[in-house]
Amino acid sequence: MATELADATPAPLGSWPTPLEAAPRLARALGLGPADLWVKRDDLTGLGGGGNKVRKLEWLCGAALARGADTLVTCGARQSNHARLTAAAGARLGLKVVLVLAGSARDPGEGNVALDGLLGASVVWAGDAAHEALDPMASGVLDRLRRKGARPELIPYGGSSVLGARGYVLCGHELLRQAPDLSTVVTALGSGGTMGGLVHALGAGRVLGVDCGAIEQPARTVGTLVAGLAGTAPDPVALKIRLDHVGAGYAVLTEPVMAALTLAARTEGIVLDPIYTGRALAGLMSAIADGQIKPGERTVLLHSGGLPGLFGHADTVARSAAALAELS
Ligand SMILES: Cc1ncc(COP(=O)(O)O)c(C=O)c1O
C-alpha cells in the first residue's frame, strides 16, 4: 500500500458488511449450478439510495474533512450515480456540494437529477461536454469558490483515485470473509476504481471487469490504480476486462443488457441498471457462453447500485413499460 495513504481515515457513511445473497434461479437460467452464483449487494450500502460510490466516498470525504473542507465539488454524466452520492455524503457530513454535470438545465430532471436537487446540491451544467472536459471545469469551479473564501475539495470523476479505490480493497476483503472459495467477482467497469480496489484485494485472476464505455483506456486506468494501491509498476496485461458490451457507447441501451435486466428482475426480483450493472450481468452471460466462467465455480456478481439512473433512462423505461403492456 502506498505510504501516502497510510494515515488516511475514512468518514463513516455506509452500512457494512453488505449482504452476499445466493441467486439460484438466475444461476440455473445462466446454465450454472444453483449454488454457483451469488450477488454482492453493494446497492444496499445505505446512503442516498445506495451504490458502490459510498465505499469510495468514505475515504475521499475522510481526507476532505481532515483538510478542513467546507464544500465538495465533483463532476459526471447527467445521470451520474457518483454525483448523487456525493450530494448525499455532503448532506450527511454538513458540507456544501457543487456538481458539474453534462447536460443542460432545460433537459428533464428525472432519475438521479431529481435526487441531486432533493439532496441540496447545486449544479453547474456543462452542456454536451465529454467526460475529459468535466474535470477541468470542476477545477474552474474550485478556483472560483476559493476566491470567494470557501474551502472546496475536488472529488475525482467517479471517485476513482487511488484513495477512493481503497473502499473496494475493503470490499474485496469483506467478500473473502463471506465467500472464501470465491473464484470470480464480476463488476461493471466505469471510471475504474471499483475494479482496481477489488484486484488489489483479490488478485487480477479473480476479478472480471465489464467495460461500460465511460473512459477511453479502461485497462490502463485500472492498471494505474492497482499499481498506485500496491506501490508497484502497472501491469494492465494481467487484468481480465471484457470490452464486448460497450455497444454503441456509454449509456446506450443494448439488447443483451435489456435481456440481462429482464432476466435478473424475473428470476430473482433484483433490479439492475441499464448503464453499469446490466452490462456486468450481460458480460457474465457472455463469459459463461465462451467458457471464461464455468459451472462449479463460485461466481459473484457485484450489484453496484444505479437504480435511480434507470428512472432517468428513457429507453429502458419505455421498454419496461412495453413489456408490461405485452404481459397484460
Ligand atoms: C452503479 C454503478 N456501478 C458501477 C460503476 C462503475 O464503478 P467505477 O467507476 O468504480 O468503475 C458506477 C460508476 O459510476 C456506477 O454508478
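The values are calculated or read from the model by the stated rules, or taken from the named source; none is laboratory data. All values reported here derive from a predicted model rather than from experimental measurement. Cβ coordinates were reconstructed from backbone atoms using ideal geometry, including for glycine residues, and neighbour counts include every protein chain displayed. Accessible surface is based on the protein model in full, side chains and every heavy atom, while ligands, DNA and RNA are left aside. Shrake-Rupley method; radii C 1.70, N 1.55, O 1.52, S 1.80 Å.
Pop a pseudo-label 7 angstrom from the Cα along the beta-carbon direction at both W16 and R146 and give the gap in nm to one decimal.
About 3.1 nm, to one decimal.
Computing the accessible area with a 1.4 Å probe over protein heavy atoms, can you report the carbon and sulfur percentage for the chain?
Solvent-exposed carbon and sulfur of the chain make up 58 percent of the total.
Subtracting the Cα-Cα distance from 0.36 nm times the residue separation, let me have the gained length for E216 to S122 in nm, one decimal. It would help to have the intermediate numbers written out before the result.
Working: separation 94, 0.36 × 94 = 33.84 nm, distance 2.81 nm.
Full-extension gain reported as 31.0 nm.
Between R84, R106, R266, find the one with the highest GNM mean-square fluctuation for the chain; connect C-alpha pairs within less than 10 Å.
Looking only at R84, R106, R266, the biggest GNM fluctuation is shown by R106.
Which of A321, S191, A251 sits farthest toward the positive end of the charge dipole of the chain, with +1 on the Cβ of Lys and Arg and -1 on the Cβ of Asp and Glu?
S191
Taking H as built 1.01 Å from N, whose amide H comes closer than 5 Å to the amide H of L301, not counting residues under 5 places away?
Result for L301 returns W38, V39, K40, V186.
Take the alpha carbon gyration tensor of the chain, find the square roots of its eigenvalues, order them as a ≥ b ≥ c, and report rounded if a/c is under 1.5; if not, report prolate when a/b exceeds b/c, else oblate.
oblate
For a test of the definition: using alpha carbon positions, the gyration tensor, and the 1.5 limit on a/c, classify the stretch 147-261 as rounded, prolate or oblate.
In terms of gyration-tensor shape, oblate.
Please work out how much length the chain gains when fully extended from S183 to R92, using 0.36 nm per residue of separation minus the C-alpha to C-alpha distance, in nm with one decimal.
Here the answer is 29.1 nm.
Quick one: which residues, 5 or more positions from V100 or on another chain, have an amide H under 5 Å from its amide H? H modelled 1.01 Å from N in the peptide plane, none for Pro or chain starts.
Correct list: T74, C75, G76, V124.
Given 37 °C and 0.692 mPa s, how large is the Stokes-Einstein diffusion coefficient of the stretch 1-70 in µm²/s, with Rh as the Kirkwood radius over Cα pairs?
228 µm²/s
Calculate one ³J(HN,Hα) per residue across the stretch 236-244 by plugging θ = phi - 60° into the Karplus curve 6.51 cos²θ - 1.76 cosθ + 1.60, and present them in order as whole Hz with x for glycine and proline.
x, 5, 6, 6, 9, 10, 9, 9, 8
How would the stretch 1-135 be classified by its alpha-carbon gyration tensor: rounded, prolate or oblate, with rounded meaning a/c under 1.5 and the a/b versus b/c comparison settling the rest?
Oblate is the answer for the stretch 1-135, as a/c is 1.5 or above yet b/c matches or exceeds a/b.
Given Cα pairs under 8 Å that are at least 6 residues apart, what percent is the relative contact order of the chain?
Contact order relative to length: 20 percent.
Tell me, what HN-Hα J-couplings in whole Hz come from the Karplus equation 6.51 cos²θ - 1.76 cosθ + 1.60 at θ = phi - 60° for each residue of the stretch 41-49, using x for Gly and Pro?
Residue by residue, the stretch 41-49 yields 8, 7, 6, 9, 7, x, 8, x, x Hz.
Roughly what % of DSSP beta bridges within the chain run antiparallel, to the nearest 5?
So the antiparallel bridges in the chain amount to around 10 percent.
Which FRET efficiency value, to the nearest 0.05, do you get for D235 and T267 by plugging their Cβ-Cβ distance into 1/(1 + (r/R0)^6) with R0 = 35 Å?
Here the calculated transfer efficiency is 0.45.
Give me, ordered by chain and number, the residues 5 or more places off R242 or on other chains with an amide H under 5 Å from its own placed amide H.
G209, V210, D211
Any idea what the alpha-carbon Rg over 2.2 N^0.38 Å comes to for the stretch 219-328?
With N residues counted in the stretch 219-328, Rg over 2.2 N^0.38 Å equals 1.24.
Where Rh denotes the Kirkwood radius from the mean inverse Cα pair distance, what is Rg over Rh for the stretch 104-155?
Details: Rg = 12.5 Å, Rh = 12.6 Å.
Value, to two decimals: 1.00.
Compute the relative contact order of the stretch 154-236 as a whole-number percentage, counting only Cα pairs closer than 8 Å that sit 6 or more residues apart in sequence.
Normalised by residue count, the contact order of the stretch 154-236 is 31 percent.
Put +1 on the Cβ of each Lys and Arg and -1 on the Cβ of each Asp and Glu in the chain; which of L101, A138, G90 then has its Cα farthest toward the positive end of the dipole?
The listed residue farthest towards the positive side: G90.
When only C-alpha pairs under 8 Å and at least 6 residues apart count, what is the relative contact order of the stretch 12-62, in percent?
38 percent
Testing the spin-label approximation: label points 7 Å from Cα along Cα→Cβ at E132 and E326. State their distance in nm.
Rounded to a tenth, the inter-label distance reads 3.9 nm.
By average Cβ neighbour count within 10 Å, what is the ranking of 8-19, 272-283, 111-122, 204-215 from highest down? Before the final figure, lay out the partial values.
Values: 8-19: 16.8, 272-283: 28.8, 111-122: 19.8, 204-215: 23.0.
With the highest mean Cβ count within 10 Å placed first, the list reads 272-283, 204-215, 111-122, 8-19.
Using Cα atoms only, what is the angle between the long axis of helix 193-202 and the major principal axis of the chain, expressed in degrees (0 to 90) to the nearest 10?
60 degrees
Using a 7 Å offset from the Cα along the Cα-to-Cβ direction at both A289 and T9, what is the distance between the two label points in nm, to one decimal?
5.1 nm
Keeping all protein chains in place, calculate the accessible area per residue for the chain (probe 1.4 angstrom), answer in Å².
Heavy-atom SASA per residue in the chain reads 40 Å².
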